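Undergrad: This structure is in structure tokens; I'll ask about it shortly.
The values are calculated or read from the model by the stated rules, or taken from the named source; none is laboratory data. The model shown is predicted, which means the values in this text are computed figures rather than measured ones. Using ideal geometry, Cβ is built from the backbone for each residue, glycine included, and neighbour counts are taken over all protein chains shown.
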């Protein structure tokens, strides 16, 4: 199992992994899966600042995880929203766990303090994964999205990545420390 930074060339495979989460479930609130070019744009937008990782097994990408800005206001800059998606054939094999371990390691190295996650409810598998990493529930947006003929709640979780103290500076952009990081 190899964890590495995503590249723009990975966009089609990442899109294929993500597609069933859009079309067959309410895990994602998107109504149409993004085309490969849009997925490449998303990767290109995130990578300069935050990690976007893929997991390869035997040369095949079987999952991905990334962090994104939590909110736009400057005082929020030390928190990142995290997401992980795994191809159905690789569920329950430790892929999500390895991706999240690597993602959190990189966020700490960059200087982030808090990871946030939004989970469409109910979703016992995602709640279990996040809880196992020390995420704690902080609230629920009731009836936050309408998809597949019904309203869905979104639970919000957060995890401290390091002790809270006055930051010495803004988080370090991923691109500036990528040479020190493993992928």
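Undergrad: When you check residue 183 against the structure, is it part of a loop (DSSP other than H, G, I, E, B), surrounded by fewer than 16 Cβ atoms within 10 Å (Cβ to Cβ), in contact with a strand residue (DSSP E or B) (Cβ under 6 Å, 6 or more places away or on another chain) and modelled with pLDDT under 95, yes or no?
TA: yes
Undergrad: To continue, here is another question. For region 31-48, how many residues are in a loop (DSSP other than H, G, I, E, B) and either more than 16 Å from residue 81 (Cβ to Cβ) or in contact with a helix residue (DSSP H, G or I) (Cβ under 6 Å, 6 or more places away or on another chain) (or both)?
TA: Looking only at that region, the number is 6.
Undergrad: Okay, moving on. Quick check on this structure: which one of 95, 140 is surrounded by 15 or more Cβ atoms within 10 Å (Cβ to Cβ), touching a strand residue (DSSP E or B) at 6+ places or on another chain (Cβ under 8 Å) and either modelled with pLDDT of 95 or more or more than 23 Å from residue 47 (Cβ to Cβ) (or both)?
TA: Exactly one of 95, 140 is surrounded by 15 or more Cβ atoms within 10 Å (Cβ to Cβ), touching a strand residue (DSSP E or B) at 6+ places or on another chain (Cβ under 8 Å) and either modelled with pLDDT of 95 or more or more than 23 Å from residue 47 (Cβ to Cβ) (or both), namely 95.
Undergrad: Is it the case that some residue within region 66-82 is closer than 15 Å to residue 3 by Cα, in contact (Cβ under 8 Å) with a residue 12 or more places away in the chain, touching a strand residue (DSSP E or B) at 6+ places or on another chain (Cβ under 9 Å) and in a loop (DSSP other than H, G, I, E, B)?
TA: No: region 66-82 contains no residue that is closer than 15 Å to residue 3 by Cα, in contact (Cβ under 8 Å) with a residue 12 or more places away in the chain, touching a strand residue (DSSP E or B) at 6+ places or on another chain (Cβ under 9 Å) and in a loop (DSSP other than H, G, I, E, B).
Undergrad: Of the numbered conditions (1) surrounded by 15 or more Cβ atoms within 10 Å (Cβ to Cβ); (2) modelled with pLDDT under 95, residue 88 satisfies every one except a single condition; which is it?
TA: Every listed condition holds for residue 88 apart from (1).
Undergrad: In the list 16, 44, which residue meets the criterion of being more than 30 Å from residue 150 (Cβ to Cβ) and either at pLDDT 95 or above or surrounded by fewer than 19 Cβ atoms within 10 Å (Cβ to Cβ) (or both)?
TA: Going through 16, 44 in turn, just one is more than 30 Å from residue 150 (Cβ to Cβ) and either at pLDDT 95 or above or surrounded by fewer than 19 Cβ atoms within 10 Å (Cβ to Cβ) (or both): 44.
Undergrad: Right, next: Restricting to region 27-38, count the residues that are more than 14 Å from the chain's Cα centre (by Cα) and touching a residue at least 24 places away in the same chain (Cβ under 8 Å).
TA: Counting residues in region 27-38 that are more than 14 Å from the chain's Cα centre (by Cα) and touching a residue at least 24 places away in the same chain (Cβ under 8 Å) gives 4.
Undergrad: Would you point out which residue out of 120, 114 is touching a residue at least 40 places away in the same chain (Cβ under 8 Å), surrounded by fewer than 19 Cβ atoms within 10 Å (Cβ to Cβ) and closer than 29 Å to residue 8 by Cβ?
TA: 114 is the lone residue from the list that is touching a residue at least 40 places away in the same chain (Cβ under 8 Å), surrounded by fewer than 19 Cβ atoms within 10 Å (Cβ to Cβ) and closer than 29 Å to residue 8 by Cβ.
Undergrad: Here are some conditions: (1) in a strand (DSSP E or B); (2) over 13 Å from residue 63 (Cβ atoms). Residue 127 meets all but one. Which one does it not meet?
TA: Every condition holds for residue 127 apart from (1).
Undergrad: Quick one: is residue 102 closer than 25 Å to residue 22 by Cβ, out of contact with any helix residue (DSSP H, G or I) (no Cβ under 6 Å at 6 or more places or on another chain) and touching a residue at least 40 places away in the same chain (Cβ under 8 Å)?
TA: yes
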